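First up is the structure itself, then whatever we jot down about it.
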């Protein structure tokens, strides 16, 4: 039956209406918790408002736009475990940004809480500084973390659905969205305990950025699935016999690891797929009362290590000391049948729900453990970064991302209080984590009763004691001694405050000079600041206070009607502002002559060069980046710098595509590793490349390392396909273990 408010209208046809109603009914079925009458009314009202507001809009795929907010709401309920308030906000999350509906209307119809969350989900408009637009939008969303975490969780669901349906987007936009996701959303999902969403983020990003690598591993996983399932069954069977004796409800199963995780292991360890034994993790989930969870976890651990040989150094105990995002589990690695390493995860049903759904599930158990304190500590550190005055938007993002660390260390105060810091944190980071004033006035630090430098890196279990002096102040060098966002932002703020104080002395001196010369300060200060090359009044005053500017020079210049006139002043006043974003400069191409297209036009008319950080080859996925001074740089989409460029400087990124990929020779670098089986390795490698494939070796170095060798080779190739042939040929040679392309 058609909806009452749509009767008599032809703006939505019956096919679309059927899709919309079907999706909405599916959403309602997903909501398992009992709803109050007001929630039912508001969900229906939000749905109807969103349908009307988006009725003229369609997604790139061609489907009605309203299906997107409905799917986002479904993800919020089904995969994150949020309730009716989040459903209402998810349905409305795009109406203020993309339609004529105002925030005032949302506030009037749904109240202050819904309006606040929807506002947090709405991008900022009217930003004049293009360089900070993306980051300012990040900042707006992130600032809601300390008000209502549901904004971030709904944003995660929004990004997840956009990624799942990204195939309809243009290629260059897919790359930008993927980079943005890897840069901020995946680390944030990890920090909030949304491990499944984080893994899906990373897998989809990999599929976009490196489709060949993704598809290769996906195919190998599919091919080995039967053998893998048989192995899991052989591993599990003897465990079941022993765990059954405990007479507690439990589940045990094998779970394949994310493709992105497998690829990282292959690249980090430089091993082929066939040698990655821990392609899956075995998970044991038991159900006992809360007070018996720890005891039962260790009992099952004892059974696992009795049945299979343990690797003691691979034990990770997050039951005794949960991660700072609330994650609890016992992880161990054992040697299973055929000598393969298998990771085993042991946790309760409660722990599993927190691990699967992160913050939202944790909230359900609020107040029954020390997990809330862990979250509060982290949110306080986030508040410190968000509330600091960052003049540089990129600096802000860098500070914030250091709070999204993957690996943690546990350190203690002299009284035994636990502090959780990112791996790599220093003694000075610890001081700032306790209290800003403790860091500010820090003069000395003892770690395990031994004096250490402020930049000393802390390890698991360290006990740290801080000594202070009220006369101590941070210096510029301290920024190099810390890694956490809180410490960096507080040190920068202290330095700015000190600079501001010093600038006041310079301002007073300048005011006296203006009074003596009978000139107007406001009329002249900006003119003089530009004349001396300073960007702001504060910098100008600071230079005066430090004696870098001689105010007696002002006596030499002409003063007319209270205003200073000196040579080139007109140029200073009328000097045009630099463009906020660089423009493509028509010029002859620099670098190899090849057919390249920029925004669909031949690239020969522009000044461009190929980025040395990644040496893109014809056939690689690429994008163009407009630098401030070096023209257009062509980068490979998977290069080390791409994530930062695409995520933070989207306005500088242009679409780049290859045309004829057989025109010119390009440099490609390879890392070759293998068993050092004596003379002849160099000859075999050289023959395979130079004689068999007729490729030019630009450089080749090889070094033996106690039984294995590592060689680095630069080849001249015409495209990616030619490089792939070279890699394949080298891998077939005896004693060669691995060949990979490196930047």
Name the residues in the range 303-312 that are over 17 Å from residue 236 (Cβ atoms) and over 37 Å from the mean Cα position of the chain (by Cα), would you? none
Could you grab me the full set of residues in the range 622-639 that are surrounded by fewer than 16 Cβ atoms within 10 Å (Cβ to Cβ) and within 22 Å of residue 179 (Cα to Cα)? 627, 628
Does residue 501 satisfy the condition of being within 30 Å of residue 544 (Cα to Cα) and over 32 Å from the mean Cα position of the chain (by Cα)? yes
Cβ-Cβ under 6 Å pairs, at least 6 apart or on other chains, the range 694-720 side on the phi > 0 side of the Ramachandran plot and exposed (fewer than 14 other Cβ atoms within 10 Å of the Cβ), far side at pLDDT 85 or above and not in a strand (DSSP E or B): none
All but one of (1) modelled with pLDDT of 90 or more; (2) more than 22 Å from residue 114 (Cβ to Cβ); (3) surrounded by 12 or more Cβ atoms within 10 Å (Cβ to Cβ); (4) within 35 Å of the chain's Cα centre (by Cα) hold for residue 61; which doesn't? (1)
Look at the range 266-308 and say how many of its residues are assigned to a strand (DSSP E or B) and over 18 Å from residue 254 (Cα atoms). 0
Output for Cβ contacts, cut-off 9 Å, separation at least six or different chains, first residue without any contact (Cβ under 8 Å) to a residue 40 or more places away in the chain in the range 339-357, second not in a helix (DSSP H, G or I), reads 339/277
With respect to the numbered conditions (1) touching a helix residue (DSSP H, G or I) at 6+ places or on another chain (Cβ under 9 Å); (2) within 20 Å of residue 636 (Cβ to Cβ); (3) surrounded by fewer than 23 Cβ atoms within 10 Å (Cβ to Cβ), which one is the sole condition not fulfilled by residue 181? (3)
So, of the residues in the range 416-448 that are part of a loop (DSSP other than H, G, I, E, B) and modelled with pLDDT under 90, which turns out to be farthest from the chain's Cα centre (by Cα)? 416
Among all residue pairs at least 6 apart or on different chains, which show Cβ distances below 9 Å where the first residue, located in the range 498-523, is at positive phi and the second is surrounded by 12 or more Cβ atoms within 10 Å (Cβ to Cβ)? 518/559; 518/562
Single residue of 176, 155 found to be touching a strand residue (DSSP E or B) at 6+ places or on another chain (Cβ under 8 Å) and assigned to a helix (DSSP H, G or I): 176
May I ask you to verify whether residue 262 is outside any helix (DSSP H, G or I) and either within 34 Å of the chain's Cα centre (by Cα) or over 26 Å from residue 353 (Cβ atoms) (or both)? no
Against the condition more than 30 Å from residue 421 (Cα to Cα), part of a helix (DSSP H, G or I) and out of contact with any strand residue (DSSP E or B) (no Cβ under 8 Å at 6 or more places or on another chain), how does residue 524 come out, does it pass? no
Test for residue 612: is it at negative phi, out of contact with any helix residue (DSSP H, G or I) (no Cβ under 9 Å at 6 or more places or on another chain), at pLDDT 80 or above and part of a loop (DSSP other than H, G, I, E, B): yes
Residues in the range 93-110 that are buried (at least 20 other Cβ atoms within 10 Å of the Cβ), free of Cβ contacts under 8 Å to residues at least 60 places away in the same chain and part of a helix (DSSP H, G or I) total 3
For the range 455-482, which positions are touching a helix residue (DSSP H, G or I) at 6+ places or on another chain (Cβ under 6 Å), within 17 Å of residue 409 (Cβ to Cβ) and assigned to a loop (DSSP other than H, G, I, E, B)? 455, 456, 482
Name the residue, out of 650, 619, that is under 13 Å from residue 718 (Cα atoms), touching a residue at least 12 places away in the same chain (Cβ under 8 Å) and surrounded by fewer than 20 Cβ atoms within 10 Å (Cβ to Cβ). 619
Could you tell me whether the range 664-679 includes any residue that is surrounded by fewer than 17 Cβ atoms within 10 Å (Cβ to Cβ), without any contact (Cβ under 8 Å) to a residue 12 or more places away in the chain and outside any helix (DSSP H, G or I)? yes
Kindly establish whether residue 56 is out of contact with any helix residue (DSSP H, G or I) (no Cβ under 6 Å at 6 or more places or on another chain) and either part of a strand (DSSP E or B) or surrounded by fewer than 15 Cβ atoms within 10 Å (Cβ to Cβ) (or both). yes
I need the full set of residues from the range 239-263 which are free of Cβ contacts under 8 Å to residues at least 24 places away in the same chain and in contact with a helix residue (DSSP H, G or I) (Cβ under 6 Å, 6 or more places away or on another chain), in order please. none
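The values are calculated or read from the model by the stated rules, or taken from the named source; none is laboratory data. It should be emphasised that the depicted structure is a prediction, and the values quoted were computed from it without experimental measurement. All Cβ positions, even for glycine, are placed from backbone atoms using ideal geometry, and neighbour counts span all protein chains on display.
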